[in-house]
Amino acid sequence: MTDVISVAKKCFQDEAEAILNLIPKLDDNFTKTVDIILGSKGRLIVTGVGKSGHIGAKIASTMASTGTPAFFVNPLDAFHGDLGMICEGDVVIAISNSGQTDELLRFIPMLTDRKIPIISMSGNPQSLLAKYSDCHLDISVEKEACPLNLAPTSSTTATLAMGDAIACALMTVRNFKAKDFAKFHPGGSLGRRLLAKVKDYMISDNLPIVTRDSKISDTLLQISRTKMGLAVVIEDGNIVGAVTDGDIRRTMQRDQDRFFQLTVKDLMNSNPKTIKEDAKLSQAEAVMRHYNINSLIVVNADNHFVGVIDAFSCL
């Protein structure tokens with residue numbers, strides 16, 4: 001029986017080597033590629049046929065989500081009206097492993113006539129595609145990971161990695177931050193954490209409030225009733241401490257004999273972690289992760305208790 005695990009490992013090794021072998025091929029053409037895209041006043045159009053087209057579409061998607069306006073155009077569609085999608089100031093990345101793809105080559109004169117800069121990615125630096133490009137990125141591989149050395153595997157992986165390298169370089173030069181990334185992903189969990197504010201997700205009703213002199217038994221009922229994992233100690237409208245269910249469990253184990261005679265002041269934390277209601281949800285998540293806690297007390301601009309945010313709200 002075929003050892004499929006060994007086949008998979010060999011595939012991973014071949015594709016990993018294909019990516020690593022791109023490193024010595026990086027030259028001034030890569031720098032020029034980044035400069036051309038940065039200097040463009042238009043969009044980045046990625047094009048390719050077949051598997052190269054599929055990879056090109058992913059590269060365009062990555063660019064668009066990382067600060068470079070981009071989209072994919074099939075060169076076949078360009079002959080039937082989609083050429084009108086490409087405007088003055090745009091830049092084209094043309095992908096072909098052989099560099100001799102007929103449908104792509106017939107598309108090139110349309111771009112050169114309109115003085116659209118062409119960045120080519122191929123496995124043949126001597127190809128016609130490379131010859132008629134403003135700069136060429138060598139994505140050649142020694143062999144495909146395919147056992148028959150036929151199906152595009154290592155070559156498509158290398159192409160995708162080169163596209164990612166361009167995107168990463170552009171992000172770094174543009175000082176593209178996580179908050180910028182979130183703007184392009186407002187519907188996902190990442191966008192929610194980075195853009196949403198604590199006040200949008202905090203619990204603000206039926207809050208667990210106790211005083212220093214509250215009995216532990218009453219405090220335990222408060223915590224159980226609200227299911228927030230803590231009770232906030234308030235005196236004269238100010239936060240003076242907090243008691244968590246963990247505090248109560250540890251005290252019960254340590255002081256079993258007098259547990260029910262204790263009051264909140266005997267075990268409360270007088271310096272609980274708080275966060276402003278206008279803080280980003282991502283900040284709340286970072287604070288909870290740093291201190292290894294599950295909840296934060298939310299305060300307003302006047303440091304008055306207005307709610308509780310828990311770790312589940314940040315997921």
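From the list Ser133, Ser98, pick out the single residue that is open to solvent by 10 Å² or more (accessible area, probe 1.4 Å), of a type in the set (S, T, N, Q), part of a loop (DSSP other than H, G, I, E, B) and within 27 Å of Lys10 (Cα to Cα).
Unique residue meeting the criteria: Ser98.
Glu144 is checked against (1) at pLDDT 95 or above; (2) under 17 Å from Gly163 (Cβ atoms) and fails just one. What number does that condition carry?
(2)
Looking at the range 277-315 only, could you name the residues that are without any contact (Cβ under 8 Å) to a residue 24 or more places away in the chain and exposed (fewer than 12 other Cβ atoms within 10 Å of the Cβ)?
Those that are without any contact (Cβ under 8 Å) to a residue 24 or more places away in the chain and exposed (fewer than 12 other Cβ atoms within 10 Å of the Cβ): Arg289, His290, Tyr291, Asn292, Asp302, Phe312.
Of the conditions (1) touching a residue at least 24 places away in the same chain (Cβ under 8 Å); (2) of a type outside the set (A, V, I, L, M); (3) part of a loop (DSSP other than H, G, I, E, B), Phe260 clears all except one; give me its number.
With (1) touching a residue at least 24 places away in the same chain (Cβ under 8 Å); (2) of a type outside the set (A, V, I, L, M); (3) part of a loop (DSSP other than H, G, I, E, B) applied to Phe260, the lone miss is (3).
Pairs only if they're at least six apart or on different chains, beta carbon under 8 angstrom, first in the range 19-39 and under 21 Å from Glu88 (Cβ atoms) and of a type outside the set (A, V, I, L, M, F, W, C), second at pLDDT 95 or above and not in a helix (DSSP H, G or I); list them, first residue then second.
That search, which allows pairs on different chains as well, returns Lys32/Asp134; Lys32/Cys135; Thr33/Ile119; Thr33/Cys135; Thr33/Leu137.
Are any residues in the range 29-48 open to solvent by 40 Å² or more (accessible area, probe 1.4 Å) and in contact with a Gly (Cβ under 9 Å, 6 or more places away or on another chain), and if so, which ones?
If the condition is that a residue be open to solvent by 40 Å² or more (accessible area, probe 1.4 Å) and in contact with a Gly (Cβ under 9 Å, 6 or more places away or on another chain), then Lys41, Arg43 are the ones that fit.
Scan the range 96-113 and report the pairs whose first residue is within 14 Å of Ala78 (Cα to Cα) and whose second residue is at pLDDT below 85, with Cβ atoms within less than 7 Å and a gap of 6+ or a chain change.
Glu103/Leu76; Phe107/Ala78; Met110/Ala78; Met110/Leu83
Which numbered condition trips up Ile216, out of (1) in contact (Cβ under 8 Å) with a residue 60 or more places away in the chain; (2) touching a Leu at 6+ places or on another chain (Cβ under 6 Å)?
Ile216 satisfies every listed condition except (1).
Go through the residues of the range 16-28 one by one and say whether even a single one is over 24 Å from the mean Cα position of the chain (by Cα), at pLDDT 95 or above, over 16 Å from Ile116 (Cβ atoms) and surrounded by 17 or more Cβ atoms within 10 Å (Cβ to Cβ).
yes
Yes/no per residue for (1) of a type in the set (S, T, N, Q); (2) assigned to a helix (DSSP H, G or I); (3) out of contact with any His (no Cβ under 9 Å at 6 or more places or on another chain):
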site	(1), (2), (3)
Asn206	yes, no, yes
Leu220	no, yes, yes
Arg225	no, yes, yes
Met228	no, no, yes
Gly241	no, no, yes
Gly246	no, yes, yes
Arg249	no, yes, yes
Gln253	yes, yes, yes
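Applying the selection to the range 174-209, what residues are surrounded by 17 or more Cβ atoms within 10 Å (Cβ to Cβ), at pLDDT 85 or above and touching a Phe, Trp or Tyr at 6+ places or on another chain (Cβ under 8 Å)?
The answer is Leu207, and nothing else.
From (1) at pLDDT below 90; (2) open to solvent by 30 Å² or more (accessible area, probe 1.4 Å), pick out the condition that doesn't hold for Thr274.
Here Thr274 clears every test but (1).
Do the conditions hold for Asp82, that is, is it over 26 Å from Asp180 (Cα atoms), open to solvent by less than 70 Å² (accessible area, probe 1.4 Å) and not hydroxyl-bearing (Ser, Thr, Tyr)?
yes
The values are calculated or read from the model by the stated rules, or taken from the named source; none is laboratory data. Note that the coordinates shown come from a computational prediction; the quantities given were computed from them, not determined experimentally. Because the Cβ atoms are built from the backbone with ideal geometry, glycine has one as well, and the counts that use them run over all protein chains shown. To get the accessible areas, we keep the full protein, side chains included, count just its heavy atoms, and leave off ligands, DNA and RNA. Shrake-Rupley method; radii C 1.70, N 1.55, O 1.52, S 1.80 Å.
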